[in-house]
Amino acid sequence: MVTRHTQVSRVNSERMRANVIEAAEQCGILSLAAVAEPMALDRYLGERQPKRLLVFCDEASEVRSPLQALQQGLTATDGIDILIGPEGGFADEERALLLRQLHTLRLSLGPRILRADTAGVAALALVQAALGDWRESG
């Protein structure tokens, strides 16, 4: 996804696809994650399925506890899309656009600013723990 503060102007999609294959082989996974070409945030939001839960990670979130935010009763029966911001964070107009989306959760990843690669892993772990199949059933 390309936002106002995106640092990389060109993405090597073939290299990313090779990384997906290597990771799947290393983990013994039989399915591969899709690698899409980069697109502008507004275009992505216009094309995504609105029934999916949209979790966007934002250091400016008012709810400081990510687990508290994830336990606010939102469901993810139709899937989850997780967005982390670029290294410069989301621009104000991008935050406003994201907050206008249906079925959206604004999530803080804590008091520290994380690198983009670390933020993605942290967000996936939090969402998996609170909304995925790691949570306690009952």
Note down the relative contact order for the chain as a percent, whole number, built from C-alpha pairs under 8 angstrom at least six residues apart.
30 percent
Can you tell which of 31, 45, 97 lies farthest toward the positive end of the dipole of region 1-135, using +1 and -1 charges on the Cβ of basic and acidic side chains (Lys, Arg; Asp, Glu)?
97
Heavy-atom accessible area of the chain with neighbours in place, 1.4 angstrom probe: carbon+sulfur share in percent works out to 52 percent
Could you order 74, 105, 99 so the one with the most accessible surface comes first? Probe is 1.4 Å.
99, 74, 105
Cα extents of the chain per principal axis, largest first, Å, are 40, 38, 30
Can you list residues from other chains, or at least 5 along the same chain, whose modelled amide H is less than 5 Å from the amide H of residue 58?
107, 108, 109
How much accessible area does residue 13 have with a 1.4 Å probe, in Å² rounded to the nearest 10?
10 Å²
Amide H of residue 2 versus every other amide H placed in the peptide plane: which residues, excluding those fewer than 5 positions away on the same chain, fall under 5 Å?
39, 40, 41
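Would you compute, from DSSP H runs of 4+ residues alone, the mean residue ellipticity of the chain at 222 nm, taking -39500 (n - 2.57) per run and dividing by the full residue count, rounded to the nearest 500? Don't skip to the end; give the middle numbers.
Numbers: 5 runs with 51 residues, N = 138.
When only DSSP H runs of four or more count, the value is -11000 deg cm²/dmol.
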For region 53-65, take each phi angle, set θ = phi - 60°, evaluate the Karplus expression 6.51 cos²θ - 1.76 cosθ + 1.60, and give the result in whole Hz per residue in order, putting x for glycine and proline.
5, 9, 9, 10, 7, 8, 5, 8, 4, 6, 7, 7, 8
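What accessible area per residue comes out for region 1-130, rounded to a whole number of Å², with a 1.4 Å probe? Let's see the in-between values first.
On the way: 8460 Å² over 130 residues.
With the other protein chains kept in place, region 1-130 gives 65 Å² per residue.
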Based on DSSP H assignment, which helices of the chain show an axial Cα extent of at least 24 Å together with a mean Kyte-Doolittle hydropathy greater than or equal to 0.5?
none
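The values are calculated or read from the model by the stated rules, or taken from the named source; none is laboratory data. What you see is a predicted model, and the numbers here were worked out from it, not measured in a lab. Don't worry about glycine lacking a Cβ; one is built from the backbone with ideal geometry, like all the others, and counts go over all protein chains shown. Side chains included, ligands, DNA and RNA excluded: accessible areas come from the protein's heavy atoms. Shrake-Rupley method; radii C 1.70, N 1.55, O 1.52, S 1.80 Å.
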